[in-house]
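Working notes, structure below.
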Amino acid sequence: MRSRSTTPTIRPPLVSRPACRRIRKADGLIVVSPEYNYGLPGGLKNAIDWLSRLENQPFKDKPIAIQSATGGPLGGSRVQYQWRQVFVFLDAHVMTRPEVFAGLAQNKFDDKLELMDQPTIDFVKMQLAAFEKYMREKLACSFTAVVQL
Ligand SMILES: Cc1cc2nc3c(=O)[nH]c(=O)nc-3n(C[C@H](O)[C@H](O)[C@H](O)COP(=O)(O)O)c2cc1C
């Protein structure tokens, strides 16, 4: 009598492979998230979960910056900590500061969803400048690691 495996075969959604390739090729990743009930939005979490189950998952050693926007005043400060926790497990490098929170986001974008709020624009610029430096540092570290081998 043949024994049957109890482990189900898991097939990742087809779109996850091109997304995975794009993340692998990128020098860094900016995760822009809403906050649902003080927590992670299910759809985006699900996408990250699928990508994380692919062989040679693409988040390892990847520099990551996080931004969030919400209708409430705090701009997703709570969900950002939950994203950090997720990426710890995935061995990514999440930049700590500057943080970008766009609270009351419905008042900060125009009809074409262009960001119009100057303080938020300034924070985003500051974060992007810091993230470029952060990515370069992480890249230099990985070269050093290769040389040391
Ligand atoms: C299920 C759900 C939960 C939400 N929870 C929060 C929350 O915890 N904090 C907050 O500021 N806004 C919350 N909002 C409002 C979202 O910030 C706002 O709807 C979001 O910017 C729009 O994102 P969406 O297009 O993905 O719905 C919530 C919205 C939904 C639909």
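General observations
- Projecting the Cα atoms of 116, 44, 104 onto the charge dipole of segment 1-125, computed from C-beta unit charges around the Cα centre, puts 44 farthest toward the positive end.
- Charges were assigned to the Cβ only: +1 to each Lys and Arg, -1 to each Asp and Glu. The resulting dipole of the chain about its Cα centre is roughly 860 debye.
- Overall form of segment 71-128 per C-alpha gyration tensor (a/c, 1.5; a/b vs b/c): prolate
- Ranking of 15, 79 by count of other Cβ atoms within 10 Å, fewest first: 15, 79
- In the chain, the DSSP beta bridges split such that about 15 percent are antiparallel, to the nearest 5.
- Proxy reagent accessibility, fewest Cβ within 10 Å first, across 83, 50: 50, 83
- Cα centroid separation - segment 42-63 against segment 66-84, whole Å: 19
- Tensor-based shape of the chain (alpha-carbon gyration tensor, a/c under 1.5 rounded, otherwise prolate or oblate): oblate
- Sorted by Cβ neighbour density within 10 Å, fewest at the top, the residues 128, 90, 40, 14: 14, 128, 90, 40
- Only lysine pairs 8 or more places apart, or on different chains, with alpha-carbon atoms under 24 angstrom apart are counted in the chain, and they number 17.
Read the figures in this text as sums done on the coordinates, not as results from a lab. Note that the structure is a prediction, hence the values are computed from the model and not measured. Cβ sites come from the backbone with ideal geometry, for glycine too, and all protein chains shown count toward neighbours.
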